[in-house]
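Take a look at the structure below.
The values are calculated or read from the model by the stated rules, or taken from the named source; none is laboratory data. These figures come from a predicted structure and were not determined experimentally. Please note: Cβ atoms are built from the backbone with ideal geometry, for glycine as well, and neighbour counts cover all protein chains shown. These area figures cover heavy atoms from the full protein model, side chains too; ligands, DNA and RNA do not enter into them. Shrake-Rupley method; radii C 1.70, N 1.55, O 1.52, S 1.80 Å.
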Amino acid sequence: MKVDVLSFTQVMTSLLKSSLNLQDSLNIAVNVVEDIKTRNFIQILLKKINEGEKLSKILKEFSKDFGLLYISLVKIGEETGNLPQVFEKLSSYLRNRQKTREKIIQSLIYPLIVLFTAIIVVCIIFIFVFPNLEQIFEAFTDNSLEIRKNMDNLKDKIKVGIVSIFMLIICLITLFVMHKRSEKVAFFIDSVLIKIPIVGKYILIRDTNDFVFSMKLLISSFYPFLESLKLSANVVSNMKYKATILEVFKSIQAGELISDSFEKVKLFPNYFVTWIKIAEKNGDVEGAFSQLYDYYQSETLNIATGIAISVEPVFILLTGTIIITLIVQFVVPIFYMLGAL
């Protein structure tokens with residue numbers, strides 16, 4: 001069952017902030033939520049809560065959809081009586097993530113359509129145009145063997161290009177599947193991705209944003225720092241980043257300073273390390289993570305906007321390269337052969 005977490009969280013935020021209790025909120029949410037799977041999920045929640053189970057315990061059964069941070073914060077909200085505030089913060093966080101993701105996806109749609117159109121044109125030429133051209137050339141010239149040889153060379157070049165593109169697509173799909181199924185492969189791929197200039201910068205800022213959000217909420221909810229750190233490692237998407245946070249956790253647990261532990265791993269940005277040093281001197285770790293979250297939330301939106309602006313020219317350039325290659329490898333030789341008739 002795939003739950004629309006953002007929709008569920010937004011609805012629950014508005015209902016709980018209206019001074020309704022959890023059961024009443026869920027009763028109303030069943031009729032408000034439009035997604036059928038999410039509605040079924042709420043019915044399951046309502047049934048088990050009426051039987052006396054805790055919301056956080058039920059959410060553990062759907063941890064793939066909600067994640068450890070979400071469940072942990074809901075548990076804190078239940079224990080402290082601040083469930084409406086927890087849902088409000090989660091709603092804001094999830095909404096910002098959704099906006100960033102949509103901005104990047106929207107920026108990719110048009111360039112990808114242009115790119116795939118160019119690839120389809122090449123395929124159509126190969127399948128439908130070449131056979132007819134062979135017949136035309138053979139009908140108007142006596143050098144049929146030479147013409148056939150030239151046409152075969154052109155077909156081979158286009159065939160290699162098409163096969164290369166499909167092989168690349170298959171490789172990317174294979175890597176994606178292996179990334180989901182194997183932690184070792186995921187760690188290797190993520191370690192490579194985080195070193196790629198533009199992609200790595202986006203991953204670093206995105207995961208730092210998620211990490212500081214988690215730390216901010218957990219620390220403000222009076223979670224011990226080390227427990228917050230260990231739990232927050234499960235929030236980030238990149239396996240290399242996660243392993244680095246756990247490395248920092250072990251270092252602090254062994255007695256090293258917080259700022260030194262973050263600095264020595266050489267992954268966290270200078271801005272982040274500087275604020276941790278200031279917090280350590282002032283004894284205000286919670287304030288530091290609040291400041292860091294405001295900064296990285298803004299940075300995430302900025303880099304997403306930058307990707308949206310730059311990705312279209314890149315794909316158009318790639319499409320232009322395919323078209324120019326098509327002209328050089330196909331159109332020019334055809335005119336050359338026409339001149340030889």
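Remarks
- Leu45 vs. criteria farther than 21 Å from Phe211 by Cα and not hydroxyl-bearing (Ser, Thr, Tyr): yes
- Restricting Lys64, Lys54, Lys60 to residues that are modelled with pLDDT of 75 or more, under 19 Å from Gln23 (Cβ atoms) and open to solvent by 80 Å² or more (accessible area, probe 1.4 Å) narrows the list to Lys54.
- One residue alone among Lys54, Lys75, Lys103 is charged (D, E, K, R) and without any contact (Cβ under 8 Å) to a residue 24 or more places away in the chain, and that residue is Lys75.
- Here Thr9, Thr13 are screened, and the one residue that is within 14 Å of Phe87 (Cα to Cα), part of a helix (DSSP H, G or I), touching a residue at least 24 places away in the same chain (Cβ under 8 Å) and open to solvent by 10 Å² or more (accessible area, probe 1.4 Å) is Thr13.
- Residue within the range 228-242 that is out of contact with any Leu (no Cβ under 7 Å at 6 or more places or on another chain), part of a helix (DSSP H, G or I), touching a residue at least 24 places away in the same chain (Cβ under 8 Å) and surrounded by fewer than 17 Cβ atoms within 10 Å (Cβ to Cβ) present: no
- Scanning the range 251-259 for residues that are over 22 Å from Tyr202 (Cβ atoms), of a type in the set (D, E, K, R) and touching a Ser or Thr at 6+ places or on another chain (Cβ under 8 Å) turns up nothing.
- Scanning the range 264-290 for residues that are in contact (Cβ under 8 Å) with a residue 12 or more places away in the chain and among the β-branched types (Val, Ile, Thr) gives Val265, Val273, Ile276, Val285.
- Qualifying residues in the range 168-213 (those that are among the hydroxyl-bearing types (Ser, Thr, Tyr) and either closer than 22 Å to Thr300 by Cβ or modelled with pLDDT of 90 or more (or both)) - the one least open to solvent (accessible area, probe 1.4 Å): Thr208
- Among (1) polar (S, T, N, Q); (2) buried (at least 19 other Cβ atoms within 10 Å of the Cβ); (3) not in a helix (DSSP H, G or I) - the single one Ser19 does not satisfy: (2)
- Residues (in a helix (DSSP H, G or I), under 20 Å from Tyr241 (Cβ atoms) and among the hydrophobic types (A, V, I, L, M, F, W, C)) located in the range 256-284: Ile258, Phe262, Phe272, Val273, Trp275, Ile276
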